[in-house]
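The values are calculated or read from the model by the stated rules, or taken from the named source; none is laboratory data. Just so you know, these numbers come straight off a predicted model, no measurement behind them. Don't worry about glycine lacking a Cβ; one is built from the backbone with ideal geometry, like all the others, and counts go over all protein chains shown. These area figures cover heavy atoms from the full protein model, side chains too; ligands, DNA and RNA do not enter into them. Shrake-Rupley method; radii C 1.70, N 1.55, O 1.52, S 1.80 Å.
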Amino acid sequence: MTTIGVLHPGEMGAALGGRLRERGHDVAWAGEGRSAATRERADAAGLRDAGSLAALAAVSDVLLSVCPPHAALDVARAAAGFTGVYVDANAIAPATVEAVRAIVESGGARFVDGGIVGPPPEREGTTRLYLSGADAVLVADVLANTCLEAPVLGPEPGAASALKMAYAAWTKGTAAMLLAISATARASGVEDALMHEWSRSQPDAGDRLAAARDSAARKGWRWVGEMEEIAATFAAAGQPDGFHRAAAEVFRSQPAPGASTASPNQRGAPLRP
C-alpha cells in the first residue's frame, strides 16, 4: 500500500483519489482551510483528511497535483519540504513544467510530469494519465489495476504535458472557436440561418456547439489558463500562438459559475477549490 496525497480534490482530483483508494492505497488530502464543497467531494471519494498540507506531505509517498493551470507553481511551492515523488498532472506548458520541476527538486523530491486526457475516471477506456520522467514507471505501477490508464512516454519530463497541450489545443481550442462563431453570427443576425446551414452541411456542428456551451459554462474559467499555456507551447515550437490567446479571451468572457449576470469586465478566473 502506498500513501498518496491529492492536491487538491476538485472534480478530477477526487475521482483520481477515489480510483486509487479502490486499488487499496491510502489516499489523503489536506482539508485545512479548504471549502465545504471540496470537503464534500473528498468525503464522497473516501479520502482521508491529513489536516494541514505540511502533515499531508509528511505522510505521503506520492503527491499528486491536480489544480487549475494558473495555480500549478503556487501549489508546488506550498509543498516545500516534501521528499517523495511529486506528480504534476496539470494542463501546463513544458516550460512551466520545468519551473515546477525546479521548485520540487530543490526541496529534495523526485518529479514526474503528467498530462490527463479524458473525463474524471469512472470506468475503463475513458481516461489516461500520460507520464514522463525518471520515476514515471513507478507512478504507472501505483496506478496499475485501476480504470485509469497510465502510458509512459519516456524518462524526460515535459513529454506528457506537451502531448496534453497538443491534444487540448484541438478539443478546447475548437470549442472556443465554435463559441466565437456562434456569437458573431448572432451579432450579425444570421445565427438561425447558420444553424440551418450547419444542419445540412455540417450535421455534427450543432451538437458540438451545445457541448461547448455546456462545458464553458461549467469549466470555462479554468480553461483560460490552459489556453494561455497552450499558446506558450505553440510559441516555443515556433508556431503562431494567437489562436489560443484568442481562445483564452473567449473563455474569459464566459460567465463564471454562480455569476452569470456579471458583465465581462467583472468576470475572472479565480482559484476554485
Problem - Looking only at region 8-20, and only at residues there that are modelled with pLDDT under 95 and touching a strand residue (DSSP E or B) at 6+ places or on another chain (Cβ under 7 Å), the one that is most open to solvent (accessible area, probe 1.4 Å) - result: His8
Exercise for the section: Name the one entry in Leu209, Leu179, Leu163, Leu148 that is within 16 Å of the chain's Cα centre (by Cα) and open to solvent by less than 40 Å² (accessible area, probe 1.4 Å). Expected result: Leu148
Handout entry: Residue among Gly24, Gly18 that is small (Gly, Ala, Ser) and out of contact with any helix residue (DSSP H, G or I) (no Cβ under 7 Å at 6 or more places or on another chain)
Key = Gly24
Handout entry: Filter result for the condition that a residue is open to solvent by 30 Å² or more (accessible area, probe 1.4 Å), closer than 29 Å to Leu64 by Cβ and more than 17 Å from the chain's Cα centre (by Cα), over Glu156, Glu197
Key = Glu156
Exercise for the section: Could you please find all residues in region 21-57 being small (Gly, Ala, Ser), surrounded by fewer than 15 Cβ atoms within 10 Å (Cβ to Cβ) and free of Cβ contacts under 8 Å to residues at least 24 places away in the same chain? Expected result: Gly24, Gly33, Ala36, Gly51, Ser52
Practice task
Report yes if some residue within region 81-89 is of a type outside the set (D, E, K, R), in a loop (DSSP other than H, G, I, E, B) and within 17 Å of the chain's Cα centre (by Cα); otherwise report no.
Solution key: yes
Handout entry: Given (1) in a loop (DSSP other than H, G, I, E, B); (2) over 20 Å from Glu11 (Cβ atoms); (3) of a type in the set (A, V, I, L, M, F, W, C), number of the condition Leu178 does not satisfy
Key = (1)
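Is it true that some residue in region 150-169 is part of a helix (DSSP H, G or I) and farther than 22 Å from Thr233 by Cα? Don't jump to the end; show me each part of the working.
Of region 150-169, the ones part of a helix (DSSP H, G or I) are 159-169.
Cutting the leftovers down to farther than 22 Å from Thr233 by Cα gives us none.
No, region 150-169 contains no residue that is part of a helix (DSSP H, G or I) and farther than 22 Å from Thr233 by Cα.
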Practice task
Residues that are in contact with an Asp or Glu (Cβ under 9 Å, 6 or more places away or on another chain), at pLDDT 95 or above and farther than 30 Å from Ala14 by Cα: find the helices (runs of 4 or more DSSP H) completely inside region 182-273 holding 1 or more of those.
Solution key: 191-201, 205-236
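Quick one: count up the residues across region 75-107 that are among the charged types (D, E, K, R), surrounded by fewer than 24 Cβ atoms within 10 Å (Cβ to Cβ) and touching a residue at least 24 places away in the same chain (Cβ under 8 Å).
Looking only at region 75-107, we keep the residues that are among the charged types (D, E, K, R), and these are 77, 88, 98, 101, 105.
Those still in the list that are surrounded by fewer than 24 Cβ atoms within 10 Å (Cβ to Cβ) too: 77, 98, 101, 105.
Then keep just the ones that are touching a residue at least 24 places away in the same chain (Cβ under 8 Å); that gives 77, 98, 101.
The total comes to 3.
Picking from Val66, Val62, which residue would you name as being modelled with pLDDT of 95 or more, of a type in the set (Val, Ile, Thr), under 15 Å from Pro120 (Cα atoms) and touching a helix residue (DSSP H, G or I) at 6+ places or on another chain (Cβ under 7 Å)?
Working: Val62 fails: under 15 Å from Pro120 (Cα atoms).
Residue meeting the stated conditions: Val66.
So which residues in region 21-48 are among the acidic types (Asp, Glu) and touching a strand residue (DSSP E or B) at 6+ places or on another chain (Cβ under 6 Å), if there are any at all?
Initially, region 21-48 is screened for residues among the acidic types (Asp, Glu), giving 22, 26, 32, 40, 43.
The answer is Asp26, and nothing else.
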Fill in the blank from the handout: Restricting region 108-145 to residues that are touching a helix residue (DSSP H, G or I) at 6+ places or on another chain (Cβ under 6 Å) and assigned to a loop (DSSP other than H, G, I, E, B), the one surrounded by the fewest Cβ atoms within 10 Å (Cβ to Cβ) turns out to be Pro120
Problem - Residues that are touching a helix residue (DSSP H, G or I) at 6+ places or on another chain (Cβ under 6 Å) and in a strand (DSSP E or B), drawn from region 29-57 - result: Trp29
Problem - Looking only at region 206-230, and only at residues there that are without any contact (Cβ under 8 Å) to a residue 40 or more places away in the chain and hydrophobic (A, V, I, L, M, F, W, C), the one that is nearest to Ala93 (Cα to Cα) - result: Ala212
